[in-house]
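To keep things clear, I will list the structure first and then write my remarks on it.
Throughout, read-outs are computed from the coordinates displayed, never taken from laboratory work. Given the structure is predicted, the values throughout are model-derived calculations rather than measurements. Here the Cβ positions follow ideal geometry from the backbone for every residue, glycine too, while neighbour counts run over all protein chains shown.
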Amino acid sequence: MEILLLIAGAILGVAGNFAFEFLRSRLERNSGGKVKIEGTWGEWTPKGYGRQFSVGEIKYRFWKRRYDFNGTNYYNDGRPYCHWYTTASYIDKERNEFHYIFANHDLSSPQVQLYGYGVIKLGAEGGGLVPLSGFYMYSGPRGARQMGHTMRQVKDPNEFADRSREAAAGLQRIFPVEWMLRSDSAPKRAGDLV
């Protein structure tokens, strides 16, 4: 009988701990304004010459008790340049900001090329906080850089599920105006102003 009580107590203890962590997680995520950042987001970086587009997914990881923002940066012709993965994150609801640290994997090399830090500015929309814009900074082979970007929600996240695939058509749909303004969009024609 004692062994059955011990087993039942262990099961109830594990279930109670899980319920406590679940409720704590919900309280943290919803206090100070409901966070509505989960989803797939496109970024346009006007000063990112040659690589002005990125697409990433923001997803809450229950066991890590944090949001991860993982994605791909693309060359302006739609070829993937690198993938980034969140290593730590925090939401500052007083400043309406999502902070994250990322590891960046250049596709031309198997090892981690650099680490960086990003901030996404959140704004009130539809009863919650959503991404508006942001910046990231990293140090690479040419020194440290800081890049500002806009953000736009991607309607069909499945279009970017295969992060190793060329994404020119999808990027053009998400950013039609920006696609025309990209730094290397069209070859110069005779008579164009330089």
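How much length is gained if the chain between R79 and R65 is pulled fully straight, taking 0.36 nm per residue apart and subtracting their Cα-Cα distance, in nm to one decimal?
Result: 1.8 nm gained on full extension.
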(message) Please list, in order along the range 44-59, the HN-Hα scalar couplings obtained from phi with the Karplus expression 6.51 cos²θ - 1.76 cosθ + 1.60 (θ = phi - 60°), rounded to whole Hz, x for Gly and Pro.
(response) 10, 10, x, 9, x, 3, x, 9, 9, 10, 9, 9, x, 10, 9, 9
(request) Neighbouring Cβ atoms within 10 Å as the yardstick, rank L107, L171, L181 fewest first. (result) L181, L107, L171
(request) Compute the signed sum of charges (Lys and Arg +1, Asp and Glu -1) over the other residues within less than 15 Å, Cβ to Cβ, of H149. (result) +3
(message) Take L4 and Q111, extend 7 Å from each Cα along the Cα→Cβ direction, and tell me the distance between the two endpoints in nm.
(response) 6.0
(message) Counting other beta carbons within 10 Å of each residue's own, what order do S139, S133 fall into, fewest first?
(response) S139, S133
(message) Placing +1 on the Cβ of each Lys and Arg and -1 on the Cβ of each Asp and Glu in the range 34-181, which of Y90, M151, G42 has its Cα farthest towards the positive end of the resulting dipole?
(response) Y90
(message) What's the magnitude of the charge dipole for the range 34-181 around its Cα centre, counting Lys and Arg as +1 and Asp and Glu as -1 at the beta-carbon? Answer in Debye, nearest 20.
(response) 300
